[in-house]
1. Kindly give Rg over Rh for the range 77-142, based on alpha-carbon atoms, with the Kirkwood expression for the hydrodynamic radius.
2. HN-Hα J couplings of the range 386-391 from phi, Karplus 6.51/-1.76/1.60, θ = phi - 60°, integer Hz, Gly and Pro as x?
3. Counting C-alpha atoms alone, how compact is the range 49-174: give Rg to one decimal and Dmax as a whole number, in angstrom.
4. For the range 640-657, just list the computed ³J(HN,Hα) in residue order, Karplus coefficients 6.51, -1.76 and 1.60, θ = phi - 60°, integers in Hz, with x standing in for Gly and Pro.
5. Roughly to the nearest percent, how much of the accessible area of the range 49-174 is carbon and sulfur, given a 1.4 Å probe?
6. Give the long-range amide H neighbours of GLY391: residues separated by 5 or more places, or on another chain, with amide H under 5 Å away, using H modelled in the peptide plane at 1.01 Å from N.
7. With a 1.4 Å probe and all protein chains kept in place, how do ASP574, ASP120 rank by accessible area, largest first?
8. Could you state how much accessible area VAL599 has, in square angstrom rounded to the nearest 10, with a 1.4 Å probe and all protein chains kept in place?
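The values are calculated or read from the model by the stated rules, or taken from the named source; none is laboratory data. As the structure is a computational prediction, the values presented were derived from the model and not from experiment. As a convention, Cβ positions derive from the backbone with ideal geometry for all residues, glycine included, and neighbour counts pool all protein chains shown. We work out accessible area using only protein heavy atoms, side chains counted, and drop any ligands, DNA or RNA first. Shrake-Rupley method; radii C 1.70, N 1.55, O 1.52, S 1.80 Å.
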Amino acid sequence: MISATTPPDSDPTGRRRVHSMLKLYYGLNEEGKVVEQAESLDPCDINGPHFDPEVYLNKLRKECSLGELMDHESCTVKQIRSLDSDMQTLVYENYNKFISATDTIRKMKNDFKKMEDEMDCLSANMAAITEFSAHISGTLQDQHAQITKLSGVHTLLRKLQFLFELPARLNKCLELQAYAQAVSAHRRARCVLQQYSHMPSFRGIQDDCHVIMEQLAHQLRQKFRDGGSSAKDLSECVELLLQLDEPAEELCDKFLSHAQSRLEADLQGLEAELKDSPVTDTGGGLVQKTNPGSNHVSPSSSSMTNPFLSPTAGTDILEFIDRGCNEFVSNLCLVIASYQELFINRPQEGELASKKIPEMANGKLHVFVDTLAARYFSLVERRIQEEKGVGDNSLLVRALDRFHRRLQAISKLLPGSAVPSQGTEIVVRAARERIKQYLSALQTFYHDSLTDVRQALAAPRLSVGGASASGGGATSKDATPSLTELLTSLSNFILNQLKSVLASVHLFTAKDITFSNKPYFKGEFCSQGVREGLVVSFIKLICQSSRQYCESAGDRGGSTPPALLLLLSRLCLDYETSTISYILTLTDEQFLVQHHTPVTPVTALCAEAREAAQKLLNHYVKVQGLIISQMLRKSVETRDWVNTIEPRNVRAVMKRVVEDTTSIDVQVGLLYEEGVRKAHSSDSSKRTFSVYSSSRQQIRYAPSYTPSAPMDTSLLSNIHKLFSERIDIFSPVEFNKVSVLTGIIKISLKTFLECVRLRTFGRYGLQQIQVDCHYLQMYLWRFVSDENLVHFLLDEIVGSAAHRCLDPSPMEQSVIEVICERG
């Protein structure tokens, strides 16, 4: 009972076991089919058909003990109970199925009884029909042949009546303009008339029909030639002409010729617009070259036209493209659609299918479209070339996008046409040309900015507060701060202008632009066009144009202001340290540059910028050194050192040298760091100059020397030079103020030394050189990295003057100090 009340789905494993036992008992497989097994003949097989209970019990009593018999009995009872329980469970589970099966069988008995009655009725009806049909066939058997003969004669008479009435029918259709009915009627009779044309009656009918159909064909040709009919009427006209054996090639040519005349009018309108729309430049630029915080870079009234200007024509390029798309391209698409409907996509049946009209018509259409599209593209490219100004790039991009978008309709209407790909090539060429224009505009902008900087350096009155940086050597302290502002303004202007150009060029790759998903604009345009062709080329241009300032001829370095050289050197150094990396990173991120092709690495550009900065700074040192050297040279060459008077003060040129050096120190300090100096001695500014170098030690005691003393003095001086450190006058300078001033002072003092070696001095001339050198030593040592360098060169100057002195009597050191302090 417990087993019987257990839910059947509570133990799936038990259910499967019971089912398998039942299938095994009834000899069924997994699909429910009876399995034929070999019958067991063993009477002791409890599951076999030959089971004998007596034999089985006797066997158990003989083989098993009492305990085993009791266990076997218990096991058998359990199995019986389990099978009874399983049987009861199966009955419970399938009770509804048994009830449903009983109802179905009862219903089937009723349905089959009704169906048997209906089948009996149907069989009786079929027998009656068969009998009635046999009766009719027997009755009409004698008249069947006669009826068939009369029916054939009637059909022939109807055909003859149709043939004799055909000319009148065709005339009536011609009057009512029912051309389709006329052609259909003539086609039905044409073969018969042709077959019996040897008979006079049929021959007359054929001739009359031929004349009428000629008139009809003439009217259809006229209707087709006029082209004023609707598309449906035109299509019907072409179909009828083809059915009248009108040459399909001739019809295609006539249709395309008529369409070409209309499209030619559209092209002539566009060409007339190009001729009547001269491009003129207007004022205003994309970026003004003025800084609200500092007016040091301001365009002069006579400056050249800003390259970032927008052209003004009779109609802008967007209007031009719109007109071309709305008129020519739209009309061309209508012509293609109509032509395809008439000659290509029309179902070809009968004789028309063998003429291969679609292939012939498709070839003519491709030639027609390619010819007109080539003329249209030439006009579009002419208009694009007139877009010289780069002020507003969005107008051009929108025009190209609309141009490219409308051409896609042709690719859908005419698969396999080269027109869309040719239009894409025009867009690509326009983008490349635009990049070249932007590069040229950036180049012009950069040179104009440098011109404005030079004007600001040369005309400080144009600056705020009258402060400017002069490039001619001497500069007032009030003018020096503007040099930093000029550098900041120039750098910001260039960077902002480049960002503005990148933003304008980025419009070509905007997501809403249809051609931006083309492979060129995803790859080559970004990497080779924008990055290499625009940004990298502009950076190289800055470096190359900066190096050109170092190639100026002349001792004074040409007309380039030294301050401009210093400013450009700092600009190139800033580019090397940070700006180049920033610009290229910005470009790569903005355009998602994929470096599939070799590109210029950042390190190469930075090295080029650093090289340019180094050359500019070296040239600046050379130019400033030559300016001071020129003053010293003139001061030495224009004085009579033999007959000069006794020195009472420092010469004015020495004061000018110190002033200019101080001004240069302030100027360089605005753009470069201080640099590293060697430790200064405590008496650097008070070093005695009574006797200089080993040669001058001999001069002090010259009266006690024998006549060979000059030779010994020269020998000692040369020996001293052998063991002294060699000074490289024109060695490259480092990017700091101390190194720059050291290079300038070396060039100046070396020039002073060489000029002294070419002169002959008297007693007071030597003393004047002593005073001048002491004055220079008092101030110049603080500007250089190693004060010993100044001391050495000044020692050489005084020593060379002593060697070339007719009466070498040095001035007392105390007197020199008094004169220098007073001066």
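1. Numbers: Rg = 27.7 Å, Rh = 17.1 Å.
Value, to two decimals: 1.62.
2. In residue order, the calculated couplings are 6, 7, 7, x, 10, x Hz.
3. Spelled out, the Cα radius of gyration and Dmax of the range 49-174 are 43.1, 125 Å.
4. 8, 7, 7, 9, 6, 7, 5, x, 10, 7, 7, 5, 5, 5, 5, 5, 5, 4
5. Details: 6530 of 10680 Å².
Carbon with sulfur: 61 percent of the solvent-accessible area.
6. LEU309, SER310
7. Descending accessible area places them as ASP120, ASP574.
8. Accessible surface of VAL599 is approximately 40 Å².
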